[in-house]
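Just below is one structure, and these are the notes that go with it.
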Amino acid sequence: MKPDHGPLIYEGKAKRIFSTANPDQVLVHFKNDATAFNAQKHQEFDGKGALNCQISSAIFEMLKAEGVPTHYLGLISEDWLLAQKVDVIPLEVVIRNVATGSLCRETPINEGIELSPPLLDLYYKDDQLGDPLLTEARLKLLQLITSDQRKGIESLARRVNELLTSFFLNIDLLLVDFKLELGVNCEGQLLIADEISPDTCRIWDKRNLDSEARILDKDRFRKGLGGLTEGYGQILKRIQGV
Ligand code: TMP
C-alpha cells in the first residue's frame, strides 16, 4: 500500500525517501532492487522490499524498547516506514563478530574465525570512491565528526551489536557482521538511520552447518547462490515466531 507522500527527496540503491506534511518526518519506501559490488551487479527480486522493511521495523522496535535512539517512527505498510528526517553522516560503521567478506579478501585473516572483541571499522560513504576504509588519521583530516561524537558512535554501535547478537541468537541465527549509518535530527540528536536488514547484515542459520546453505543474507546474491527472498523470508518468519 502506497501512503500519501510529498516529493522525492533522495533515491538510493534500495530505498526512496519522500517528504511528508511534517518537515521533520520522511516516508521511506523499500525497493525490490538488490545491488552488489558498488552496483556493478543488479537484480530485482519480488517481495524483497517488503521483507527488508518488515525486518528493519522489527529490529528498530527492539532497539527502541532497549532505549537505543533511531530514526524509526513506525511501520506504515509492508514496504513503507515513517522516520525522522536526519542529516546522514557520510560514514559506514561496520562491526564484525566473525571474519568473512572484505576483511578476508584484504588481509590474511582466516575466514570464519571469531573476532573478540568484535572488530569495528569506519568507512567513508561515497559510491564514486568505493566506500574506502578510513584510518584514524584520515578520519581526523576529514573533520566529519568530533572526537566526542566518534566515541558516542562507537559505543552506540557496540551496544547495538550486543543487542542484535542476542536478538538473533534467540531465534538460532548468528550475526556475523553488519553495517550501520548514523544521522543527526532537527534537535541535533545522533540517531541510527538507514535500515538494519539482511541487505546490511550477514546472518547465518545456526540450524544448518552447511557453509552455503546457512547463508540467509545478501551474500546469497553477492555469491550467486540463489534463494535470496527465501533466506530473507526465513529470517522474518523466525522474528515473527512463525
Ligand atoms: P564487507 O565484508 O563487504 O566489508 O561487508 C561488511 C558488512 O557491511 C556486511 O554485513 C555487509 C555490509 N555492507 C553494506 O551494508 N553495504 C555495503 O555497501 C557493503 C560493502 C557492506
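The values are calculated or read from the model by the stated rules, or taken from the named source; none is laboratory data. Bear in mind the structure is a predicted one, so any value in this text is a computation, not a measurement. Note: ideal-geometry Cβ built from the backbone for every residue, glycine included; neighbour counts use all protein chains shown. SASA here: full protein model, heavy atoms, side chains in, ligands and nucleic acids out. Shrake-Rupley method; radii C 1.70, N 1.55, O 1.52, S 1.80 Å.
Give, rounded to the nearest 20 debye, the magnitude of the charge dipole that the chain has about its Cα centre when Lys and Arg contribute +1 at Cβ and Asp and Glu contribute -1 at Cβ.
On the way: 29 positive and 36 negative charges, 39 e Å.
The dipole of the chain has a size of about 180 debye.
Considering only 209, 104, 89, whose Cα is most displaced toward the positive end of the charge dipole of the chain, charges sitting on Cβ of Lys, Arg (+1) and Asp, Glu (-1)?
209
Could you calculate the contour length gain from residue 68 to residue 25, that is, 0.36 nm times the residue separation minus the distance between their Cα atoms, to one decimal place in nm?
On the way: separation 43, 0.36 × 43 = 15.48 nm, distance 1.86 nm.
Contour length minus Cα-Cα distance gives 13.6 nm.
Which FRET efficiency value, to the nearest 0.05, is calculated for residue 121 and residue 170 with the Förster distance at 35 angstrom and r the Cβ-Cβ distance?
Details: r = 27 Å, r/R0 = 0.76.
With R0 = 35 Å, the Cβ-Cβ based efficiency is 0.85.
Can you list the residues of segment 39-81 with backbone N under 11 Å from a point 7 Å past the Cα of residue 13, pointing along Cα to Cβ?
39-43
What is the count of Lys pairs in segment 89-242 whose alpha carbons sit under 16 Å apart, if the two are 8 or more places apart or on different chains?
Taking segment 89-242 as the scope, the lysine pair count is 5.
Quick one: if the Förster radius is 30 Å, what FRET efficiency do residue 107 and residue 151 give, using the C-beta to C-beta distance and rounding to 0.05?
0.70
Looking at the chain, which longest stretch skips every one of the trypsin sites (Lys or Arg not before Pro) that is in a DSSP loop with at most 13 other Cβ atoms within 10 Å, leaving the sites themselves out?
Maximal segment without exposed cleavage sites: 1-205.
Might you tell me the accessible area per residue for the chain, computed with a 1.4 Å probe and given in Å²?
On a per-residue basis, 50 Å².
How long is the gain from residue 242 to residue 211 if the chain were fully straight, where each residue apart is worth 0.36 nm and the alpha carbon distance is subtracted?
Length gained between residue 242 and residue 211: 8.7 nm.
Would you mind counting up the charge near residue 189? Only other residues with Cβ under 13 Å from its Cβ, with Lys and Arg at +1 and Asp and Glu at -1.
Details: positive: 85; negative: 24, 87, 187.
Neighbourhood net charge equals -2.
Only sites in a loop by DSSP and with at most 14 other Cβ atoms within 10 Å count here; which GluC sites (Glu not before Pro) in segment 56-104 make the cut?
Passing sites in segment 56-104 are 66, 78.
Going by amide H atoms built from the backbone, whose H comes under 5 Å of the H on residue 76, apart from near neighbours?
Under 5 Å from the amide H of residue 76: 81, 82.
Give, as a single signed number, the net charge of other residues whose beta carbon lies under 14 Å from the beta carbon of residue 223, with Lys and Arg counted +1 and Asp and Glu -1.
Working: positive: 41, 105, 202, 214, 218, 220, 222; negative: 111, 210, 212, 217, 219.
Overall, the nearby charge balance is +2.
Mind checking which of 113, 5, 43 is farthest towards the positive end of the chain's charge dipole, using Cβ charges of +1 (Lys, Arg) and -1 (Asp, Glu) about the Cα centre?
113
Counting other C-beta atoms within 10 Å, and keeping those with at most 14, which DSSP coil GluC sites (Glu not before Pro) do you find in segment 173-210?
Those satisfying the criteria are 187.
Counting only protein heavy atoms and using a 1.4 Å probe, what share of the accessible area of segment 1-125 belongs to carbon plus sulfur, as a whole percent?
The nonpolar share, carbon plus sulfur, comes to 50 percent.
Given the -39500 (n - 2.57) contribution per DSSP H run of 4+ residues, what per-residue ellipticity at 222 nm results for the chain, rounded to the nearest 500 deg cm²/dmol?
Calculated at 222 nm, the ellipticity per residue is -9000 deg cm²/dmol.
Multiply the residue gap between residue 41 and residue 114 by 0.36 nm, knock off their C-alpha separation, and tell me the result in nm, one decimal place.
23.4 nm
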